[in-house]
Every structure is written in C-alpha cells, then in structure tokens.
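I have placed the structure first, in the form of structure tokens, so that the comments after it can refer back to it.
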Amino acid sequence: MGTNLLDLKLILPEEDIERISQSDDIYDIIIIGGGPAGMTSAVYSARKQIKTLLISKDIGGQMLWTSDIENYMGFQYVTGKELTEKFRSQMEQFPIVDIILGDTVTKITKADENFVVETEKSKKFTGKTVIIASGKRYRPMNVKGEKELVGKGVSYCATCDAPLFAGKDVLVVGGGNSALTAVIDLMKLANKIYIVNITKDWQADQIMIDRIKDADNIIPLLSHKVTAIHGEKYVTGVTIESLDTKETKDITVQGVFIEIGLLPNSEFAKDIVRLNDQGEIIVDCMCNTTTPGIFAAGDVTTVPEKQISVAIGEGSKAALSAYKYLLTKS
Ligand SMILES: Cc1cc2nc3c(=O)[nH]c(=O)nc-3n(C[C@H](O)[C@H](O)[C@H](O)COP(=O)(O)OP(=O)(O)OC[C@H]3O[C@@H](n4cnc5c(N)ncnc54)[C@H](O)[C@@H]3O)c2cc1C
C-alpha cells in the first residue's frame, strides 16, 4: 500500500498541541481512541460541524493486528491495514477534526460543566463531551519468563509476528477464535505448532476448528497450562502442566503466542464512569455512560459482540448522542 498510517494530514504539530494544552480552548467532543469506533465517531461529529479532538496511541486499533477480514460488509475480503487506510482517508476529508497521535489518556476529571482529559505526556485538553473508544488490549498469562521475553520469542500478535517464525517450532496458548486465528496464520509457516488450552474443548467457532483439524503440523494439548517460559536472549522452551494428572513437561520451542483474550482499556476512566466486573464501561443503547456528557463506544464497553461492524455502529451512535447532548446545553 505504501502509505504510512501515521502520516495523517489532521495530526496537530507539537507546537499547536502545547498551545492548546496551555489555553482555555474548549472542544465540543474529545474522542479517546483511533480504532474503528473512534474514527467513526470523528466522521459523524465532523459532519455535524462540531469542534472535535481525537487522541489516540495509534490509528487502526485492533484492525492492525488482523490479517484477513471476511465479515465486513462491502468487502468480501480485506486486510486490517487496508480497512484502516479506508477509514483513515474518510476521516481526513474533515479538517474540523484535530488529531493527537502517540499519546495515551491517563485521566478524565469533571471541571464545572466540562471535562478535562489528561495524557501521559502531561497535556490537558478540555471538552464539553467525551467519547471513550479505547478498545481492548491483549491479556497477559503472568507466568515466569513471559514479561522478560516479550519481543524475544513471546508475542501477543500472530498477525504481526508469524513471519518471523518460518520453519521454527512454536506454541500457541488459548482455545478461542484469536488462538485459532494465530494457528491458521502459523500453519503455513512454522514447522510444528503446539496449542495449549486449559479446557477440554476449543471455544472457537466451528469454521475455525474445521480449518485446523487436518493439518499435520499441529499438536493440541487440551487441559494443559503453561507454567513458565524459558530462555535468556530468546525463547528456548516452555514448561507445561497437565490439569488432569498435574504432570509437568518441558517442550522446546522458539516462539510462544499468547492468545487468551483481551482486557478493556478503561483504567483511566474508572473514577468517572461505572465499569462492570470485567472492567468494561457500562453503557445503554445510546452509548450513554453513567456520567452525563461522557459517552463510550466499541470494545471497551459492555455492548455484546466485539466486532468491527459493531464498533462502527456504536461509534456513530455515540457521536450522535453527544451531539444531542450538546444541543441541550446550548
Ligand atoms: C486477532 C483479531 C482478529 C479480529 N478479526 C476480526 C474480524 O475478522 N472481523 C471483525 O469484525 N472483527 C475482528 N476483530 C475484532 C475487531 O478488531 C474489534 O472489535 C474492533 O477493532 C474494536 O474497535 P474499537 O474501536 O472499539 O477498539 P480498538 O480497535 O481496540 O481501538 C482502540 C483504540 O484506542 C487506542 N487507545 C487505547 N487506550 C488508549 C488511551 N488510554 N489513550 C489513547 N488511546 C488509547 C488504541 O491505541 C486504539 O487506537 C478481531 C480482533 C483481533 C484481536
């Protein structure tokens, strides 16, 4: 494709970020997150001609971790990068949107009728409304060696890293759709693929199970868990334990792909909106959170089904709800 996804025309230069952060400027909407939900909110709010700021660590979110998308209407097949590029170029049609990339929101506080959004780079921005669309991130296993060996054979993204393991022996942890997607990515490249899952069955869709069932380089280890990852410079192996017999065994692998689900990026919002016991932001069907003026959309929320088409529907609803809220205040 050749386009740098970070090379957005709407990105604010550093000096403008500093000036706005020091000023009394107030945005109508501050959107947190540049995944499908956040980008859709930006397009909808821009079309209402309201002053919008989008703050995100990146553009694309989880779509950047996805190689094959086959269930996004209008495209029989599209890669996550291609779809991100389409969303991004649509957002770029609206110069009313300011974008700050590469920063992380750490706090939201109420200031009179408005909200102050603070970032890791110590910047502060004021908005009359906020849309939280900060999505999810990979869940760690929290076993010995995992943290130390990230990027040295431990990966949370098979789509990104599978090509590095061509001809090697690898292990995938998990039994849901993400784990089996990783296995499918690796099947064409790796030598041997162990799959360790704590339950006796897969939790993935049947279509995914069917895709792996005849592969001759896959070794399923159901009812097992990983207890340690070994290696100094790079991963050299793992220890696994049978949950039935408690027996442990060392396996030699050069790569470990951890695909055991996702955690909501909601910590920065926990003092201002209510979360459920999984850390998801509680929303109603119009994307209202428990705090009037703060809306939330996509994977970070309690909305069932975490999918791109769901996230964009929620992102559009959140922007329209924020717009209606602004009308009641003016
Ligand atoms: C491996 C994989 C494959 C998938 N395949 C499909 C598929 O085929 N079809 C499908 O429909 N869905 C698929 N999904 C799910 C889909 O990608 C998600 O449902 C969708 O991306 C959610 O969009 P979102 O905007 O809510 O969140 P995300 O995509 O998670 O985006 C969140 C954004 O917020 C930013 N952010 C997070 N925290 C902060 C913070 N504190 N401050 C600033 N920015 C922050 C992130 O950097 C990111 O830009 C897949 C997911 C994975 C992991």
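The values are calculated or read from the model by the stated rules, or taken from the named source; none is laboratory data. Keep in mind that this is a model prediction, so the values were computed, not measured. Here the Cβ is made from the backbone with ideal geometry for all residues, glycine too, and neighbour counts use every protein chain on show. Remember, those area values only see protein heavy atoms, side chains included, never the ligands or the DNA or RNA. Shrake-Rupley method; radii C 1.70, N 1.55, O 1.52, S 1.80 Å.
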Legend entry - Residues of the range 127-140 that turn out to be of a type in the set (A, V, I, L, M, F, W, C) and either in contact with a His (Cβ under 9 Å, 6 or more places away or on another chain) or assigned to a loop (DSSP other than H, G, I, E, B) (or both), as a count: 1
Legend entry - Filter result for the condition that a residue is exposed (fewer than 15 other Cβ atoms within 10 Å of the Cβ), over 15 Å from the mean Cα position of the chain (by Cα), of a type in the set (D, E, K, R) and within 23 Å of LYS324 (Cβ to Cβ), over GLU113, GLU82, GLU120, GLU70: GLU113
Inset, instruction - Answer yes or no: is there a residue in the range 296-315 that is over 20 Å from the mean Cα position of the chain (by Cα), surrounded by fewer than 19 Cβ atoms within 10 Å (Cβ to Cβ) and free of Cβ contacts under 8 Å to residues at least 40 places away in the same chain. - result: no
Inset, instruction - May I ask you to list the residues in the range 157-173 that are within 16 Å of the ligand (Cβ to nearest atom) and surrounded by fewer than 17 Cβ atoms within 10 Å (Cβ to Cβ)? - result: CYS160, PRO163
Legend entry - Answer residue from the range 222-239, given it is surrounded by 17 or more Cβ atoms within 10 Å (Cβ to Cβ) and among the hydrophobic types (A, V, I, L, M, F, W, C) and is nearest to ASP201 (Cα to Cα) among those: VAL226
Inset, instruction - Restricting attention to the range 74-126, report how many residues are within 9 Å of the ligand (Cβ to nearest atom), of a type in the set (S, T, N, Q) and in a strand (DSSP E or B). - result: 2
Legend entry - Residues of the range 193-216 satisfying the condition of being crowded, with 17+ Cβ neighbours inside 10 Å and modelled with pLDDT of 95 or more: ILE193, TYR194, ILE195, VAL196, ASN197
Legend entry - Among the residues listed as ILE29, ILE55, ILE20, ILE11, the single one being modelled with pLDDT under 95 and within 19 Å of SER134 (Cα to Cα): ILE11
Inset, instruction - Find all pairs meeting these conditions: Cβ atoms under 8 angstrom apart; at least six residues apart or on different chains; first residue within the range 81-98 and among the aliphatic types (A, V, I, L, M); second residue part of a helix (DSSP H, G or I) and open to solvent by 30 Å² or more (accessible area, probe 1.4 Å). - result: LEU83/ILE308
